[in-house]
Amino acid sequence: YNTLVIFMIMVLISSIVSDVFFSHTNITNLLRQVSGIGIISMGMLLVILTGGIDLSVGSVVALTSVLCGYFLQSLSLPVSLIFSIVAGVMVGSFSGYLVSVHRMAPFIATLAAMTIARGLGFIVSKGSPIIIGPAGAGLTDFGSGSIIGIPYPVFLMFAVFFLVYFILKYTVFGRLTIAIGSNEEAVRLSGIKLKRYKFAVYGMTGGFAALAGVISTSRTGVGSPIIGMGLELDVIAAVVIGGASLSGGKGTAVNTLLGVLILGIIGNLMNLQNVPAYPQQVIKGLIIIAAELMQGYKSRTN
């Protein structure tokens, strides 16, 4: 329960330090801001559970954002969204192909995919942001709209969370994903085809990153090739804070969501206290170290 304890401590500190932390406006903004990271983190969790990692998610967000704006210039909104998300799945599948079929190190494969996706984003946009015109009015309405005071992107984040929770908890695919990270050799010797599972988790991560790119476009009304830079580090940090092991086989959807919220609360609190951006990075890094040390201490005592 270390992640839950950290989350409760952060909420308590935030409520003491800032009297506006629990205001509806602030909570709404907090949830809206973490919705994209929350969606990507669910995919990153699946990859990390297999013992892999995906560095391309930030670039996929940028590529999807650009493609969404580009397609909307000549296509309908539903078709533009489908094409954009498919592009994200293809980038993730490309990484999965390199990792599963050619046994390339996940770090190298996804680093290459990160560079390619970011480059494609700049090529499509010609280095300039693409403004979402009237054809994308429905998309921008989604980014700024809400139901019962809860932003639409937050509902999408929780939908992805429940999907991954169900997969890991109740499906063979989820259990084998965890088993691969725990003992890949044992799973291979049992006759399970590892390639298809590794390929699938990277493809799913690319799809989730594409969804986050669509959310970013809906919030800003712009398809930009420079968004998402460094986003992969925040996503990995959220998963690690949630107690997942980078060596694979350990992690849950619930704790990952708590890790996302913890990371969001840290940033939100520092913004409320007008802490400059550079010290925020230092503080985030120290909190990540503290969270990992707590997980390591728990493992040693067990």
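Does segment 77-163 come out rounded, prolate or oblate, given a ≥ b ≥ c as the square roots of the eigenvalues of its C-alpha gyration tensor, rounded meaning a/c under 1.5 and, failing that, prolate meaning a/b above b/c?
oblate
Using a Debye calculation, one point per C-alpha and no hydration shell, please list log10 I(q)/I(0) for segment 200-302 at q = 0.18, 0.20, 0.23 Å⁻¹ in order.
One equal scatterer on each Cα of segment 200-302 leads to -1.04, -1.20, -1.35.
Given a Förster distance of 22 Å, report the FRET efficiency between residue 23 and residue 280 from their Cβ-Cβ distance, rounded to the nearest 0.05.
Rounded to the nearest 0.05, the efficiency is 0.55.
Whole Å is fine, so just give me how far the alpha carbon centre of segment 194-250 lies from that of segment 77-150.
Their Cα centres are 10 Å away from one another.
Counting only protein heavy atoms, what percent of the accessible surface of segment 92-191 is carbon or sulfur at a 1.4 Å probe?
70 percent
Based on the Cα coordinates of segment 47-193, what is the per residue volume of their convex hull in Å³?
131 Å³
Run the quick spin-label model on residue 9 and residue 185: label points 7 Å from Cα toward the beta carbon, then report their separation in nm to one decimal.
My value for the distance between the label points is 3.8 nm.
Probe of 1.4 angstrom, ligands and nucleic acids ignored: what's the accessible area per residue over segment 229-299, in square angstrom? Can you show the working numbers first?
Values: 3260 Å² over 71 residues.
Accessible area per residue: 46 Å².
In a GNM of the chain with a 10 Å cut-off on Cα contacts, which of 113, 137, 237 has the highest mean-square fluctuation?
Evaluated over the chain, the most mobile residue of the options is 137.
Tell me, what is the per residue accessible area of segment 22-161 in Å², probe radius 1.4 Å?
Per residue, segment 22-161 has 41 Å² of solvent-accessible surface.
Set the Förster radius R0 to 30 Å, insert the Cβ-Cβ distance between residue 131 and residue 90 as r into 1/(1 + (r/R0)^6), and round the FRET efficiency to 0.05.
Rounded to the nearest 0.05, the efficiency is 0.75.
Calculate the length of the line joining the C-alpha centroid of segment 156-186 to that of segment 1-40, in whole Å.
26 Å
What's the longest uninterrupted piece of the chain once you rule out the chymotrypsin sites (Phe, Trp or Tyr not before Pro) that are loop residues per DSSP with at most 16 other Cβ within 10 Å?
Between exposed loop sites, the widest span is 23-302.
Fully extended, how many nm does the chain gain between residue 123 and residue 195 (0.36 nm per residue separation, minus their Cα-Cα distance)? Spell out each step's value before the answer.
Details: separation 72, 0.36 × 72 = 25.92 nm, distance 3.19 nm.
That pair, residue 123 and residue 195, stretches by 22.7 nm at full extension.
Cross-link candidates for residue 169: which lysines have Cα within less than 29 Å, leaving aside residues fewer than 8 places away along the same chain?
193, 195, 198, 250, 298
Can you compute the FRET efficiency between residue 74 and residue 112 using 1/(1 + (r/R0)^6), with r the Cβ-Cβ distance and R0 = 22 Å? Round to the nearest 0.05.
With R0 = 22 Å, the Cβ-Cβ based efficiency is 0.15.
Taking the simple approach of a point 7 Å from Cα along Cα-to-Cβ for both residue 82 and residue 175, what is their distance in nm?
3.6 nm
Quick one: plug the Kirkwood hydrodynamic radius of segment 1-78 (C-alpha pairs) into Stokes-Einstein at 10 °C, 1.306 mPa s, and report D in µm²/s.
Values: Rh = 15.9 Å.
Estimated diffusion coefficient is 100 µm²/s.
The values are calculated or read from the model by the stated rules, or taken from the named source; none is laboratory data. Quick caveat: nothing in here was measured; it's all calculated off a predicted structure. We place every Cβ from the backbone using ideal geometry, glycine too, and count neighbours over all the protein chains shown. We work out accessible area using only protein heavy atoms, side chains counted, and drop any ligands, DNA or RNA first. Shrake-Rupley method; radii C 1.70, N 1.55, O 1.52, S 1.80 Å.
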